[in-house]
Each structure stands twice: as structure tokens, then as C-alpha cells.
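Notes for the one structure printed next.
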Amino acid sequence: MRENTAGSKAGSSKGPITPTNIRNILFVCTGNTCRSPLAAGFLKKLLERNSLGEMEIGSAGLTALPGSPSSFHSLRVALENSVSLEEHQARLVTAELIDNADLIVVMEPGHRQRLLDRYPQASDKIYLLRHFARYGSRERGINDPYGGNLEAYRFCFEDIKECVGSLHEWLLEASQS
């Protein structure tokens, strides 16, 4: 597996991101109805099988309409994969969510840049989801399926599943050493 720790950067108050100091993970996408809830939901499912102790997993969107449910196709894909999104309600990224998160995982490079523009103090804890990928580019984003057909959502979820699975393994390996 590729190395996923990050070195400490100027202005960092928590030091390097390592699996052992992560207790709050925030997934961020655009509207918080597709990608970030699917990623958070899948990680929660994995943690049910292999608990890492007290860990908070959440999601938010840069342009979310607060209270909106997951999209219809996201709900269907989640159900197909035994992931629960029925209670999900979209929420906007806030300074409090950013400050409380130990790791912020974004879906696209543009999301990272927008967060850095608003919250430069969080630069040492914002990572692209593909950073945790085992295979392929670690620089590309997770395609937004919003407005697409069910197959677009399924493809998106497969990409998310591979990356979140690798993130979970990284966290799990650290907890067992």
C-alpha cells in the first residue's frame, strides 16, 4: 500500500496526519447528496465490521441545500450495497466542521482548492479521496454522477468503494500495530 501519512506543514497545530490520530473524518463534495454521503456511509459500514473505537464520520457539501435527502439513484446504489442513506440530510461545510475534523476527504481537486481558499489553516488535513487509492491516478477526482443515469451512480460508487476500502485498511492497520 502507498504511504498515506502527511508531513507537518506551516501553521499546523496537530502535526502530521497519521491513522492513529484520526477520530473525526469529514467527506466533502458539491451538493452533499451523492458522493460524500456514499463515501461516509460506506466507511461507516466498514467500521461496523472492524471498529476502530470512537470515530465520527460525516459529510457536507460546498453548495449543499441543507436538509435535502440523498439523490434517488444514490439511495438505490446505497441499498444495493447495504449502505444506509435513508436518514441523510445534506449540510453545508462550516468552519466548525472543518475545525473539528482530523481528516477532510474531498472528491475533486477543485473542492480541495475551494476549502483551502476559505480555510487555509486546514491545509494539512485535506486530501483527495483518490489519494487513498490502491490503483490508478491519485490526482484525479471522483466523477460527479448527479443528473446521470443509475449506471453512472454505480460506476461512481465503485470508485468510492475502492478508495474508502483502502482508507479503512490504512486506519485498521495502524490500530493493530
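The translational diffusion coefficient of the range 23-176, from Stokes-Einstein at 4 °C and 1.567 mPa s with a Kirkwood hydrodynamic radius over alpha carbon pairs, comes to 85 µm²/s. A helix-only calculation puts the chain at -12000 deg cm²/dmol for mean residue ellipticity at 222 nm, using -39500 (n - 2.57) for each DSSP H run of at least four residues, averaged over all residues.
Using a ≥ b ≥ c from the Cα gyration tensor of the range 100-177 (square roots of the eigenvalues), is it rounded, prolate or oblate, where a/c under 1.5 gives rounded and otherwise the larger of a/b and b/c decides, a/b for prolate? Note, shape of the range 100-177 comes out oblate.
If you place +1 on the Cβ of every Lys and Arg, -1 on the Cβ of every Asp and Glu, and leave all else neutral, what size is the dipole of the chain about its Cα centre, to the nearest 20 Debye? It comes to approximately 260 debye. Sparsely packed loop sites in the range 87-145 (the GluC sites (Glu not before Pro) outside DSSP H, G, I, E and B with at most 10 other Cβ atoms within 10 Å) comprise E87, E139. Computed over the chain with a Gaussian network model linking Cα atoms closer than 10 Å, the most mobile of R134, R112, R35 is R134. For the chain, the share of DSSP beta bridges that are antiparallel, to the nearest 5, is 0%. Summing charges over all other residues whose Cβ lies under 15 Å from the Cβ of C156, with Lys and Arg as +1 and Asp and Glu as -1, gives -1.
Proximity of backbone amide H atoms, modeled 1.01 Å from N, is registered between V106 and V28, Y127, L128, L129 at under 5 Å, excluding neighbours fewer than 5 places apart on the same chain. Pairs of lysine residues in the chain that meet both criteria, 8 or more places apart or on different chains and Cα atoms under 19 Å apart, total 4. Normalised by the number of residues in the range 92-177, the mean separation of alpha-carbon contacts (under 8 Å, six or more apart) gives a relative contact order of 25 percent.
Read-outs: derived from the displayed coordinates by stated rules, not from any lab. Note that this is a predicted model, so its numbers are computed, not measured. Don't worry about glycine lacking a Cβ; one is built from the backbone with ideal geometry, like all the others, and counts go over all protein chains shown.
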